[in-house]
Amino acid sequence: MGAARTTDCYLQSRYRRLASRTTALKALVAVEHAIIVSIWHMLTHQQPYRDLGADYHQRRDPQQTMRRIVHQANAIGLTVRFDPIEVVN
């Protein structure tokens, strides 16, 4: 449960994503499983733990993130328009 309470880490974001779709206990067991799998990989490959970050899923599939935002805005009666940000050097 401590991993799910930690801020700005992959395990917390995984817990929140799963808890929104299923029960909190199932999400907790899934996070426990993710921790065990991470430990196994660290021990077998002799590598330190690298946290993927809380925004891992957003960085992995930004189009899905945009679709989710548009869907949520439409559900509450708003329209969304995405304009590119001008980069100033």
Of all the residues that make up the range 63-89, how many are surrounded by 11 or more Cβ atoms within 10 Å (Cβ to Cβ) and outside any loop (DSSP other than H, G, I, E, B)? 10
Of all residues in the range 1-28, how many are touching a residue at least 24 places away in the same chain (Cβ under 8 Å), farther than 14 Å from Gly53 by Cβ and loosely packed, with under 12 Cβ neighbours inside 10 Å? 1
Suppose we keep only residues that are surrounded by 10 or more Cβ atoms within 10 Å (Cβ to Cβ) and of a type in the set (D, E, K, R) within the range 31-53. Which one would you say is modelled with the lowest pLDDT? Asp51
Scanning the range 5-38 for residues that are under 20 Å from Gln64 (Cβ atoms), in a helix (DSSP H, G or I) and of a type in the set (Ser, Thr, Tyr) gives Tyr10, Ser13, Tyr15, Ser20
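The values are calculated or read from the model by the stated rules, or taken from the named source; none is laboratory data. Note that the coordinates shown come from a computational prediction; the quantities given were computed from them, not determined experimentally. Methodologically, a virtual Cβ is constructed for each residue, glycine included, from the backbone with ideal geometry; neighbour enumeration extends over all protein chains shown.
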